[in-house]
């Protein structure tokens, strides 16, 4: 019986994880379930980012939003170092760090609600009165709702959009029908939605019952659990995704011996 490992995106950052899984005996499938394109406000970001007034910070909950911000940096007429920046976790902060910035990240990176509390705790120190939320078209309201409940004004910039891709999950469905172990890695609630749209109803129920899901972050884990996934595996927010995913696939019941 061959265990199957599905990565629900095609991203070079996952190359080492895919190689490790294949070397461990998994059949590895990589499918891009979502496509990303510039959002409605992406042009504003490039043209007006350096006009952000004092007392305003930037916050985001996805790496895609951070990449959109980095893409606007060459157009700036004055440095962005005066603007406080906040990311939900280490991976979402990494594009800015690679560009020479130091966005603030909560020590307990447990999701958007915790990021809202973290930002509020720094508001006096950072001179913060307002936050611009950089987001995609499928963003959840946890961060803006949390900030507003703590007395911080929020503005919205849709800097990217995601759309579902017609990916081929026939191999996953065949493995589920044959009773073979299937582990899938998910990176966002939108990715969970995309995955479920592509499966036949019987395959969807089989995976929820018998498959194993690795979630990047607590928000994605919550989306899986809310849909009835019985086996949502470790999702340590403080560790790089590839590191805990490698540990998890090696320890997963039914994986290659």
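Multiply the residue gap between residue 11 and residue 149 by 0.36 nm, knock off their C-alpha separation, and tell me the result in nm, one decimal place. Mind dumping the intermediate values first?
On the way: separation 138, 0.36 × 138 = 49.68 nm, distance 3.57 nm.
Between residue 11 and residue 149, full extension yields 46.1 nm more.
Quick one: angle between helix 241-251 and the longest Cα principal axis of the chain, in degrees between 0 and 90, rounded to 10, please.
Computed tilt is about 20 degrees.
If a/c stays under 1.5 just call it rounded; otherwise compare a/b with b/c (prolate if a/b is bigger, oblate if not). Do that for the range 37-162, with a ≥ b ≥ c from the square roots of the Cα gyration tensor eigenvalues.
Rounded, since a/c falls under 1.5.
Defining a contact as two alpha carbons under 8 Å apart and six or more residues distant in sequence, what relative contact order in percent does the chain show?
RCO, the chain: 24 percent.
Taking the Cβ of each residue in 2, 68 as the centre, tally the other Cβ atoms inside 10 Å and list the residues starting with the fewest.
With the fewest neighbours first, 2, 68 line up as 2, 68.
If one computes the Cα centroid of the range 152-218 and of the range 16-69, what distance in Å separates the two points?
If you average the Cα positions of each part, the centres end up 18 Å apart.
Compute the long axis of helix 201-210 from its Cα atoms, compare it with the longest principal axis of the Cα atoms of the chain, and write down the angle in degrees, 0 to 90, nearest 10.
For 201-210 against the chain, the angle is about 90 degrees.
Quick check: pseudo-label points 7 Å beyond the Cα along Cα→Cβ at residue 177 and residue 226, how many nm apart are they?
According to this spin-label approximation, the distance is 3.2 nm.
Classify the chain: rounded, prolate or oblate, from the alpha-carbon gyration tensor (a ≥ b ≥ c, eigenvalue square roots; a/c under 1.5 rounded; otherwise prolate if a/b is larger than b/c)? Walk me through the numbers on the way to the answer.
Working: a/c = 2.15, a/b = 2.05, b/c = 1.05.
Prolate.
Using a simple spin-label model with points 7 Å from Cα along the Cα→Cβ vector, what separation in nm is obtained for residue 122 and residue 246?
My value for the distance between the label points is 2.9 nm.
Angle check, please: helix 189-198 long axis (alpha carbons) against the longest principal axis of the chain (alpha carbons), in degrees 0 to 90, nearest 10.
Between helix and principal axis, roughly 40 degrees.
Which value at 222 nm does the chain reach when only helices count, each DSSP H run of 4 or more adding -39,500 (n - 2.57), with the total divided by all residues and rounded to the nearest 500 deg cm²/dmol?
One gets -12000 deg cm²/dmol as the mean residue ellipticity at 222 nm.
Under a point spin-label approximation (7 Å from Cα along Cα-to-Cβ), what is the residue 52-residue 209 distance to one decimal in nm?
4.9
Taking R0 as 51 Å, what FRET efficiency do you get between residue 2 and residue 78 from their Cβ-Cβ distance, rounded to the nearest 0.05? Display every interim value, and only then the final one.
Values: r = 56 Å, r/R0 = 1.11.
Approximately 0.35, to the nearest 0.05.
For residue 197 and residue 24 in the same chain, what is the full-extension length gain: residue separation times 0.36 nm, less their Cα-Cα distance, in nm?
Gain on extension, residue 197 to residue 24, equals 59.3 nm.
Every read-out reported here was derived from the displayed coordinates using simple, explicitly stated rules and does not represent laboratory data. The model shown is predicted, which means the values in this text are computed figures rather than measured ones. Virtual Cβ from ideal backbone geometry, glycine too; neighbours counted across all protein chains shown.
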